[in-house]
Amino acid sequence: GLMYEEGKAVAQDYAEAVRWYRKAADQGDAVGQLNLGMMYYRGDGATQDYAEALKWHAKAADQGDAKAQQYLGYYYLQGTIVAQDYSEAMKWFRKAADQGFADSQFNLGKLYAEGRSGIKDYAGAAKWYRKAADQGDAKAQYNLGLMYEEGKGVAKNYAEAVQWYRKAADQSSAEAQRCLGLMHANGRGVTQDYAEAAKWVRKAADQGDAKAQYSLGLMYEEGKGVAKDYAEALKWHRKAADQSSAEAQYCLGRMYYEGKGITQDYAEALKWYRKAADQSSAEAQYCLGEMYYGGKGVTQNYVEAAKWYGKAADQGFAEAQCNLGWMYYEGNGVTQNYVEAHMWLNLSAAHLKGEIQAKAATRRDTVAKKMTPQQIAEAQNRAMEWKPNEPK
């Protein structure tokens, strides 16, 4: 069967391969069952039939064939051939993992990290990632690096994170290249080196990694590791923005707003700010509020301004809280409400610094002069109980 499938010493003939694989499979040969299942899965030499593929792979898996066990793990994980069942997926991945299959070890680690066993088990995830990583699996090396960087399932260790990122990066993992670059940029686990950071981030960006493209754009904006070049910054931000990176969309909007590397264009700024704001970027929501409040690139609209300030304020963006509080004081775009005004200004004053903090505090005290002691107490209680919304 294998010779007919591969065309070795005979003309390649998938139908003949299926015939001989079936003869072996019917006699209980696990490899024959495995290969017959694959022929049905791909539709080579037989009509594509996922149910038959599942049947033969299950027979091989029950005999201990690791590759078939791995396939069953995927079937249950993906839920396309059979009903999705994470417990079954983990069971079969574990059987293959125990036989040393790196891909199953990685998938088992990922399922533990995602909490598919019922709770997130980072220690269990790290254990299986390490087994796969030690076999050279780049995905596992990257994920193990991430766990060392974040201290999940293992003690936080930047030097270890760098070691694993480098192993994966050397295998062209774009995610690992980006993370390795950022470790160099931040001096975590290595001596800070912006040139080395830019080198690794560029490798990832060239592979289309949106986060790396955004980071490289920032490097060109700030002249870190590369010569400052707004045109290059704009190019990389746009690449990331076109992949729906909210951070890059915000930066692109800011560059259009400020006229950095391109002619100032408020309409374009508004467009990119809105794209980022719709993805819950608090910075972009605040900037949209600013544009509507000042009528830049759009007709002045206090209601819209208050709406976008409100979205950013709900996420804890202090400048937006300051402006929203003042709008409640003045009754611009919202119904005048001193309690609401005091609450937002109090929150912003607690988190801002310098002149803008003094501005928020002065505004809060101005509002307080219009309030009763009971209203001030209510506003203060609401500020103490307030919690930011998680970005959607």
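The values are calculated or read from the model by the stated rules, or taken from the named source; none is laboratory data. Fair warning: this is a prediction, and the values are worked out from it, not measured in the lab. Every residue, glycine as well, gets a Cβ built from its backbone with ideal geometry; the counts of neighbours run over all protein chains shown. Just so you know, the surface numbers come from the protein's heavy atoms only, side chains and all, with ligands and any DNA or RNA stripped out. Shrake-Rupley method; radii C 1.70, N 1.55, O 1.52, S 1.80 Å.
None of ALA284, ALA305, ALA248, ALA277 is buried (at least 19 other Cβ atoms within 10 Å of the Cβ) and more than 29 Å from GLN207 (Cα to Cα) except ALA305. Give TYR71, TYR40 a once-over and let me know the one that is modelled with pLDDT under 95 and of a type in the set (Phe, Trp, Tyr). The unique qualifying residue is TYR40.
When residues in the stretch 202-213 are screened for being in a helix (DSSP H, G or I) and either of a type in the set (Val, Ile, Thr) or touching a residue at least 12 places away in the same chain (Cβ under 8 Å) (or both), 8 of them pass. Screening ALA83 with (1) without any contact (Cβ under 8 Å) to a residue 24 or more places away in the chain; (2) buried (at least 24 other Cβ atoms within 10 Å of the Cβ); (3) of a type in the set (A, V, I, L, M, F, W, C) gives one miss only, at (2). Return yes when GLN321 is within 33 Å of the chain's Cα centre (by Cα) and within 19 Å of GLU247 (Cα to Cα) and no when it is not. Here the answer is no, as GLN321 does not meet what is asked. Inside the stretch 1-44, counting only helices (runs of 4 or more DSSP H) that do not spill past its ends, which hold 2 or more residues that are open to solvent by less than 60 Å² (accessible area, probe 1.4 Å)? Per the criteria, 14-26, 30-42.
Restricted to the stretch 105-201, the set of helices (runs of 4 or more DSSP H) holding at least 1 residues that are closer than 23 Å to LYS67 by Cα and open to solvent by less than 20 Å² (accessible area, probe 1.4 Å) comprises 122-134, 138-150. Within the stretch 7-24, residues that are under 15 Å from THR47 (Cβ atoms) and aliphatic (A, V, I, L, M) sit with their Cβ atoms under 7 Å from residues that are open to solvent by less than 80 Å² (accessible area, probe 1.4 Å) and not in a helix (DSSP H, G or I), at 6+ positions apart or across chains, in these pairs: ALA15/GLY45; ALA17/GLY1; ALA17/GLY45; VAL18/GLY45; VAL18/ALA46. Closer than 21 Å to ALA140 by Cβ, at pLDDT 95 or above, open to solvent by less than 60 Å² (accessible area, probe 1.4 Å) and not polar (S, T, N, Q): does that describe ALA61? In short, no.
A single entry from GLN264, GLN249, GLN279 fulfils the requirement of being part of a loop (DSSP other than H, G, I, E, B) and farther than 18 Å from ASP314 by Cα: GLN264.
Every condition in (1) buried (at least 24 other Cβ atoms within 10 Å of the Cβ); (2) out of contact with any Gly (no Cβ under 7 Å at 6 or more places or on another chain) is met by TYR50 except one, and the failing one is (1). Of all residues in the stretch 337-392, those satisfying the criterion of being free of Cβ contacts under 8 Å to residues at least 40 places away in the same chain, open to solvent by less than 60 Å² (accessible area, probe 1.4 Å) and under 32 Å from the mean Cα position of the chain (by Cα) are TRP344, LEU347, SER348, ALA349, LEU352.
For the stretch 214-246, the tally of residues that are part of a helix (DSSP H, G or I) and at positive phi stands at 0. Looking only at residues in the stretch 84-104 that are part of a loop (DSSP other than H, G, I, E, B) and among the acidic types (Asp, Glu), the one that is nearest to the chain's Cα centre (by Cα) is ASP85.
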